[in-house]
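*Asks:* Here's a structure for you.
The values are calculated or read from the model by the stated rules, or taken from the named source; none is laboratory data. No experiment lies behind these values; they were computed from the predicted model shown. A quick note on method: Cβ atoms are made from the backbone with ideal geometry, for glycine too, and the neighbour counts reach across all protein chains shown. Note: areas computed on protein heavy atoms with side chains; ligands, DNA, RNA excluded. Shrake-Rupley method; radii C 1.70, N 1.55, O 1.52, S 1.80 Å.
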Amino acid sequence: MAQWNRSGYFRSSGSRDVNPDLETERQTASFSVERLTAILDGGADNTRTRRAVEAVIHSEPGFSRENQYFQSQNERYEAAVRRSVYLKEKMHQMGWTEDGPEIKYCYRALGGDLAFNVHRVFKNSILALGTDEQIAKWIPLADKYHIIGTYAQTELGHGTFLRGLETTAIFDISTQEFTLNTPKISAMKWWPGDLGRSATHAVVFAQLYIKGKCYGLHAFILQIRSLRDHSPAPGVIVGDIGPKMNFEHIDNGYLMLQNINIPRENMLSRFSQVLPDGTYVKRGSDKINYLTMIMTRIHILWIEVIPTLLKACTIATRYSVVRRQSKLNPGDPEAKILDYQTQQQKLLPLLATAYAFHFMNAYVNEFYNKGYTEIRQENFDSLPELHALTAGIKAIITEYCTAGAEVCLRACGGHGYSALSGLPFLYTKLAASCTYEGENTVLFLQTARFLVKCLAAVHSGQPIPPSATYLSSVDSGKCQARTSVDFLKPDIYAEAYRHRATRLLGNAATKLQGLVQSGAEQHEAWNQCTVQLVQAAKAHCHYIVVKNFIDTVEKLRNEAEIQKIVKHLCDLFALHGIFSNTGDFLYAGYISGDQIDMVTASYLDLLAVIRNDAVPLVDAFDFTDESLNSALGSYDGHVYQRLYEWAQKSPTNKQVSQAYARYLKPLFQSALSKL
Amino acid sequence: MNEDLRRERDSASFNPELLTHILDGGAERTQRRKEIEALVLNDPDFQHEDLNFLSRSQRYEEAIRKSALMVVKLRKYGIADPDEIYWFKRTCLGSFVEPLGLHFSMFTNTLQNQCTVGQQDKWLPLTYGLQIIGTYAQTEMGHGTHLRGLETTATYDPATQEFILNSPTVTSIKWWPGGLGKTSNHAIVLAQLYTQGQCKGLHAFIVPIRQLGTHEPLPGITVGDIGPKFGYDEMDNGYLKMDNFRIPRENMLMKYAKIEPDGTYVKPVSDKLTYGTMVFIRSIIVGDSARSLSKACTIAIRYSSVRHQSELKPGDPEPQILDYQTQQYKLFPLLATAYAFHFVGAYMKMTYYRITGDINEGDLSELPELHALTAGLKAFTSWIANAGIEECRMACGGHGYSRCSGLPDIYVTFTPCCTYEGENTVMMLQTARFLIKSYTQVCSGQLVSGMVSYLNDLSGQHIQPQQVAARPTAVHINDPASLVEAYKLRASRFVEVAAKNLQAELNRRKSREDAWNRTSVDLVRASEAHCHYVVVKLFTTQLSEINDAAVHAVMNNLCLLYALYGISKHTGDFLQAGILTDAQVTQVYQRVKELLAAIRPNAVALVDAFDFHDNCLASVLGRYDGNIYENMFEWAKKSPLNKTEVHEAFHKHLKPKQAKL
């Protein structure tokens, strides 16, 4: 029971007055939270930098996200613009640079509630596709926010399939200009962020036509709004696409172009150029553009997606030790809901997942950096693997994080549905990630295509890219575990995941081959196998994540206490996956029914073990209260007081509504005489 | 009409109208439903701006306007049948909720069920005319599921013959009741009754909270809106804190328990009727699961026939995305599920009416079982529908994320029912309690009846894991009846495993609650398997009642898909119990894909048969005519951010930057 006479409970995270139910959880931690935080940050220095940045950001009222949940779409947009402009000034003042370590901590402290995220993509695309002169002309303007850009690729009727885009850019030799047009409604640019209200310029993708011949998609820079009064340029129809499930602070926009003429120099020409006489020249490989896409994918995972799951876990876990409900033993007080096995089963595997994904960062970056170096030297050999790996990893991480945040929301009972819990905001943000930067099903199929090729390489004895070498190792055919404790051996479960990935891929490839051999056309056969191929790609990604988790645990050998708890999380992540997909492992008797019972026993035992460290494990993520922005998840655990305090600030309690005077009052009048 | 959709409709192998009649329960009912819907759709008074563009306060006001209007119109048209009122209201509300919802349901029902005749005479006429508006205040900030834990107190003062109501702690503040924040002037408050120094447990009191005439909160009452939520924007879910607030003795609802003027407490006679209300509400939620999922499927399937993307065959035009196997695999099992849940909802409602009949003469002995079993079905269907709506949204790519798709609204309006009227995990455990009780009964030699009667077979044929040779040939994957048997075996096995594990835990420790908690993952799994069996069984039963051959053929495919897809998602359960062999599992996977292809030509007709009017769907992507893109543009132009060509944020924040150019 929370008593009335508590003071200062809704002030700040600095308050040391902590709910005793949370306090006791912290006292029994089996490891140093501070140490684990440092490991998660990639070193104690990083933790220090991060906290210094957070302190600066949170001390400025100009960055406050208080009352965010009460704001309209218009207000949220304006606040995001204000914060972004202010952040720019603050960074300048503090001497933080665009490519410095502080910027990602700013983003984290502000929960990503900033505008001009696509402005960065605009710049990156010029850097990747522009000539040196183009870079010299546009980038300084963009850096200083003298122009604000957007990246206009997706159209109303076209997303995934770029060749299907319909916007046209026709070169006119007589004027030396391109004329850009939106030939029909489905060709309108639709969704680009920062386009609806903010952008002055756009990188627009269009089909290039010279002398009646189509040369495919190219990128053009054009001005869409006046720099003087911000009004749309003549021939430009531009606006906001309307309310969404979230991202209300972003002005996703539409753009229709009617005979817009731009000079020849405005086509981004690092890799292809149109000469004054209309000759089309191709130069080098534009494959490097894939790298921009891959980088964007990696970036959103670690800046946007994974931290959001970490936050959701923090909120739900803290709330679950403050909330008490029903009794576990007669005579006892009501139990903390985290003591219920069903609640543990909802939250703790997610906590393990959060750690599993966080640890993927190092793995993916290593791949990326290696690929980047090679590609810069015009060696594109590793590109297919890098592309396939990041596609599948993006898909599995966004899928699991989205589902996980929703589980967290529902695990908080009724209060999870309150916007003040922060969870609806986190969930709806994640929900978009399954679609943007590559629709997940499409991405899994790209990974599958790569894997099918790898498998063919295995069969023909050719070299296999590192992430798929396991496909060539020999399969024992049967799981070797004899007791439930055996299932806590990483070798045992890694092997099980490997077996599953290999088998599912093998089955899909065999089926595909069979269909082709029986006369089906390649594309038709592929379509008929896609359900299986998606399953195979998922199993592959699942294996990669498990394997990397195991490797991470091994690297912690100098941190005995931390290694122990992280090993538990690794075990839980792996066994939860088997427990939830028993059929994949039972099939053809790889794991026996008795062994499944062992998995279940070990899995349930782990829940009880990790339960004891659940709060320290989320504390180690070290989110500030301001960044969580949740009445349920604050560090001090004064859930109910804060919920009440925040609700009273709701505009619905302040604004005068006409509903009473107009519609209710006439009804109630006649009761006066009767009561 | 969009050419793609026209082609889809022309090529359907059955008449969707006939299927609509089955869903409505007869052609006459379809006709009457359409008449009622037309009353709303053709009435200019019910026209309103797109709610997506309004603020919370504006949406609230619009909802109140409509609620008041609905009362007037229903009376004008003389609509009194509960189903007809329901049709009328849902046509008015679309995917939204009304702040007066609890007034019409819980407030009025509680007065009807728990008031003495004298109390009814006083309060009911006022509620019918909306002269008072009430809500039902049970849940507190710190207490939901566990009712005994509620902290609000009502202390009887014999000197003045009044109850003194108090919210002693922060956690005791009433929190969440719909319509409490701004609308209601009365509330039924559940509080711990104290008299003569003793606590007599929870009782219901009718409490005035706002002044008639001014609508200001009464002295001693703190009341307000709990702030923004995940959806439910137009609902003023509220909080209520009471400080020494006094109400007369007559305001305790005294049909069952009573307080004499001197403070003597008179105990209630037990009643089973509250079970009836809960069963009814749960059947509504199951129906809602079906309906919300049907809407989402309608939108996603129509959009998938209009949207073209990528290429299947090099050189061909971009195909409809519904031609991709992965898209079919996302949507068709959900379509089958929507139909399955529809039949479950209809069954529950029918059973409820059969059992309660004339409530005073009906044989209520089946109610406790029905109550226990419907708890699980409420959870089972709402969880799956909830996930399904999101899958439909994601199947619409980026545009599903826009509120113009209607899918975000369907989702946020539906999703709280995983928690309200009984948190789903708690519901599953209630069903498990009944399953374990039935299992124990069978073990002690007594037979059980109804949906759990399969447990009777357990004593004879204990299901042994890994006995692959014993049974597999019995399952025919193309025969729905045989699949019902497979699901039955799976449920039996999980009930047995849970019961045995529970017993093992009990042997190890003293506390029954502790043992129960340590088995709860198994118990929930048993309940889920049981519910899954019930759904497959009811869907299969429904097939025999379809006379039209063409409709029967397509429904048979849907039923098979529902059953086989469920197996394919839980192959481990069937393999481990030896219900299916590896070879059969492979066949199941293959058959599922064949069924996707078989259902594909009828997909649009199957969602057309749900017969949602465009106004009800409120979705640009799901429009009947399929003219999506031009209408998305029209919709977007109305966005509040587009009210001015240059947004004020430019003048405030950006212009100072750009002036430096």
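*Asks:* Any idea which of B:F53, B:Q196, A:T182 is furthest toward the positive side of the dipole for the protein assembly as shown, if Lys and Arg beta-carbons carry +1 and Asp and Glu beta-carbons -1?
*Replies:* After comparing all options, I get B:Q196.
*Asks:* If you don't mind, another one. Taking all pairs of distinct Cα atoms, average 1/r, flip it, and tell me the Kirkwood hydrodynamic radius of chain B in Å to one decimal place.
*Replies:* On the way: mean 1/r = 0.0364 Å⁻¹.
So the Kirkwood estimate lands at 27.5 Å.
*Asks:* Highest first, please rank the peptides A:367-379, A:421-433 by the mean number of other Cβ atoms sitting within 10 Å of their residues. List each step's numbers first, then the result.
*Replies:* Working: A:367-379: 14.4, A:421-433: 25.0.
Ranked from most to least packed, the peptides come out as A:421-433, A:367-379.
*Asks:* A further question follows. In whole angstrom, how long is each semi-axis of the equivalent ellipsoid of the protein assembly as shown, when you take the square root of 5 times every eigenvalue of its Cα gyration tensor and sort them from largest down?
*Replies:* Details: eigenvalues 458, 298, 226 Å².
Rounded to whole Å, the semi-axes are 48, 39, 34.
*Asks:* A follow-up question, please. What's the magnitude of the charge dipole for region A:254-351 around its Cα centre, counting Lys and Arg as +1 and Asp and Glu as -1 at the beta-carbon? Answer in Debye, nearest 20.
*Replies:* Numbers: 13 positive and 7 negative charges, 31 e Å.
Value, rounded to 20: 140 debye.
*Asks:* Rounded to the nearest 0.05, what FRET efficiency do B:V117 and B:E35 give with R0 = 60 Å and r taken as the Cβ-Cβ distance? Could you check?
*Replies:* That pair, B:V117 with B:E35, gives E of 0.95.
*Asks:* Could you pull out every one of the lysines with an alpha carbon less than 24 Å from that of B:K313, ignoring same-chain neighbours closer than 8 positions?
*Replies:* The qualifying lysines are A:K213, A:K453, A:K511, B:K330, B:K593.
*Asks:* If packing is taken as the average number of other Cβ atoms within 10 Å across a peptide's residues, how do B:147-153, B:210-216, A:154-160, A:211-217 rank, most packed first?
*Replies:* On the way: B:147-153: 18.1, B:210-216: 14.9, A:154-160: 22.4, A:211-217: 11.1.
Descending mean neighbour count gives A:154-160, B:147-153, B:210-216, A:211-217.
*Asks:* Counting heavy atoms of the protein chains only and a 1.4 Å probe, report the per residue accessible area for the protein assembly as shown as a whole number of Å².
*Replies:* Values: 49040 Å² over 1336 residues.
I get 37 Å² per residue for the protein assembly as shown.
*Asks:* Dividing the convex hull volume of the Cα atoms of chain A by its residue count, what figure in Å³ per residue is obtained? Before the final figure, lay out the partial values.
*Replies:* Numbers: hull volume 151.7 nm³, N = 675.
About 225 Å³ per residue, rounded to a whole number.
*Asks:* For chain B, what is the calculated [θ] at 222 nm in deg cm²/dmol (nearest 500), taking -39500 (n - 2.57) for each run of four or more DSSP H residues and dividing by its residue count? Intermediate values should be presented prior to the final figure.
*Replies:* On the way: 23 runs with 342 residues, N = 661.
Computed mean residue ellipticity for chain B: -17000 deg cm²/dmol.
*Asks:* A further question follows. Which of B:L621, B:G227, A:H58 sits farthest toward the positive end of the charge dipole of the protein assembly as shown, with +1 on the Cβ of Lys and Arg and -1 on the Cβ of Asp and Glu?
*Replies:* A:H58
*Asks:* Let me ask something else about it. Can you give the alpha-carbon Rg of region B:247-402 over 2.2 N^0.38 Å, where N counts its residues?
*Replies:* Details: Rg = 24.2 Å, N = 156, 2.2 N^0.38 = 15.0 Å.
Relative to the rule-of-thumb radius for its length, region B:247-402 sits at 1.61.
*Asks:* Same structure, new question: Need the per-residue list for region A:176-211: every residue with at least 40 Å² less accessible surface in the complex of protein chains than in the chain by itself, probe 1.4 Å, sorted by number.
*Replies:* Going by heavy-atom accessible area, the residues of region A:176-211 that drop by at least 40 Å² are A:I185, A:W190, A:W191, A:R197.
*Asks:* With only alpha-carbon atoms counted, please give the Rg and Dmax of region B:395-451, in Å.
*Replies:* 20.0, 59
*Asks:* Residues of B:512-518, mean number of Cβ from any other protein chain within 10 Å of their own Cβ, rounded to a whole number?
*Replies:* 4
*Asks:* Can I ask one more? Kindly identify residues of region B:181-210 having a loss of at least 10 Å² in accessible area between the isolated chain and the assembly of all protein chains, probe radius 1.4 Å.
*Replies:* For region B:181-210, once contacts with the other chains are taken into account, B:K182, B:T183, B:N185 lose 10 Å² or more.
*Asks:* Which residue, chosen from A:Y145, A:C408, A:N74, occupies the Cα position most advanced towards the positive end of the dipole of chain A, where the dipole is computed from +1 (Lys, Arg) and -1 (Asp, Glu) charges on Cβ about the Cα centre?
*Replies:* Value computed over the given set: A:N74.
*Asks:* Relative contact order, percent, of chain B when contacts are C-alpha pairs under 8 Å separated by at least 6 residues?
*Replies:* Working: 1004 pairs, mean separation 104.6, N = 661.
This gives 16 percent for chain B.
*Asks:* Still on this structure: How large is the Kirkwood hydrodynamic radius of region A:119-283, counting all unique pairs of alpha carbons, in Å? Each step should come with its number before you reach the end.
*Replies:* On the way: mean 1/r = 0.0630 Å⁻¹.
This gives a value of 15.9 Å.
*Asks:* Now for a separate question. Any idea what the relative contact order of chain A is, in percent, if you count C-alpha pairs under 8 Å spaced at least 6 apart? Intermediate results must be reported in sequence, preceding the final value.
*Replies:* Numbers: 979 pairs, mean separation 112.4, N = 675.
Relative contact order for chain A comes out at 17 percent.
*Asks:* Provide the three semi-axes, in whole Å and in decreasing order, of the ellipsoid equivalent to region B:49-200 as defined by the square roots of 5 times the Cα gyration tensor eigenvalues. Let's see the in-between values first.
*Replies:* Working: eigenvalues 212, 82, 32 Å².
Taking √(5λ) for each Cα gyration eigenvalue gives 33, 20, 13 Å.
*Asks:* Then there's this: Quick one: divide the alpha-carbon radius of gyration of region A:363-483 by 2.2 N^0.38 Å and tell me what you get. Please report the intermediate quantities before stating the final value.
*Replies:* Details: Rg = 19.5 Å, N = 121, 2.2 N^0.38 = 13.6 Å.
Dividing the Cα Rg of region A:363-483 by 2.2 N^0.38 Å gives 1.43.
*Asks:* Which whole-Hz ³J(HN,Hα) couplings does region A:216-221 yield from phi under the Karplus relation 6.51 cos²θ - 1.76 cosθ + 1.60, θ = phi - 60°, glycine and proline marked x?
*Replies:* x, 6, 9, 9, 10, 9
*Asks:* Given points 7 Å out from each Cα along the Cα-Cβ axis, report the A:T28 to B:N456 separation in nanometres with one decimal.
*Replies:* It is 4.8 nm.
*Asks:* Give me the percent relative contact order of region A:34-115, please, defined on Cα pairs under 8 angstrom at least 6 residues apart.
*Replies:* Normalised by residue count, the contact order of region A:34-115 is 35 percent.
*Asks:* With charges only on Cβ, +1 for K and R and -1 for D and E, what is the dipole size of the protein assembly as shown about its Cα centre, in debye, rounded to 20? All intermediate terms of the calculation are to be shown ahead of the outcome.
*Replies:* Details: 137 positive and 138 negative charges, 221 e Å.
Roughly 1060 debye for the protein assembly as shown.
*Asks:* Right, another one. Rank-order A:298-306, B:385-393 by packing density, defined as the average count of other C-beta atoms within 10 Å over each peptide's residues, highest first.
*Replies:* On the way: A:298-306: 20.2, B:385-393: 24.3.
Per-residue mean Cβ counts within 10 Å order the peptides as B:385-393, A:298-306.
*Asks:* Note down the magnitude of the dipole of region B:132-268 about its Cα centre, charges +1 on Lys and Arg C-beta and -1 on Asp and Glu C-beta and zero elsewhere, to the nearest 20 debye.
*Replies:* Working: 12 positive and 13 negative charges, 71 e Å.
The calculated dipole for region B:132-268 is roughly 340 debye.
*Asks:* Still on this structure, I have one more. Between region A:64-107 and region B:36-99, how many Å separate their Cα centres?
*Replies:* 42
*Asks:* A further question on this structure: Using only the alpha-carbon atoms, what does region B:132-268 span along each of its principal axes? Please give whole angstrom values in decreasing order.
*Replies:* 46, 36, 26
*Asks:* Right, here's the next one. Return the inverse of the average 1/r over all pairs of distinct C-alpha atoms in region A:34-115, which is the Kirkwood hydrodynamic radius, in Å to one decimal.
*Replies:* Details: mean 1/r = 0.0737 Å⁻¹.
Roughly 13.6 Å, rounded to one decimal.
*Asks:* Let me make sure I get this right: for region B:1-139, a, b and c are the square roots of the gyration tensor eigenvalues over alpha carbons, sorted descending. Under 1.5 in a/c it's rounded, otherwise prolate if a/b > b/c, else oblate. Which is it?
*Replies:* Since a/c reaches 1.5 and a/b is larger than b/c, the shape of region B:1-139 is classed as prolate.
*Asks:* In whole Hz and in residue order, list the ³J(HN,Hα) couplings for region A:449-462 that follow from phi through the Karplus curve 6.51 cos²θ - 1.76 cosθ + 1.60, θ = phi - 60°; x for Gly and Pro.
*Replies:* Ordered by residue, 3J(HN,Hα) equals 4, 5, 5, 4, 5, 4, 5, 4, 5, 4, 5, 9, x, 8 Hz.
*Asks:* On to the next question. In Å² (nearest 100), what accessible area is buried between A and B, both sides summed, heavy protein atoms only, 1.4 Å probe?
*Replies:* Values: alone 30680 and 29920 Å², together 49040 Å².
About 11600 Å² of accessible surface is lost on pairing.
*Asks:* Whole-Hz Karplus ³J(HN,Hα) for region B:45-62, in order, using 6.51 cos²θ - 1.76 cosθ + 1.60 and θ = phi - 60°, x for Gly and Pro?
*Replies:* Using θ = phi - 60°, the values come out as 4, 8, 5, 7, 5, 4, 4, 4, 9, 9, 6, 4, 4, 5, 5, 4, 4, 4 Hz.
*Asks:* To continue, here is another question. Short version: which residues of region B:213-227 lose at least 50 Å² of accessible area, all chains versus chain alone, 1.4 Å probe?
*Replies:* B:G213, B:H215
*Asks:* Please compute, for peptide A:638-650, the average count of beta-carbon atoms on other protein chains lying within 10 Å of each residue's beta-carbon. Don't skip to the answer; put the middle values down first.
*Replies:* Numbers: counts 1, 4, 9, 3, 1, 8, 10, 1, 2, 12, 6, 1, 7.
Taking all residues of A:638-650 together, the mean is 5.
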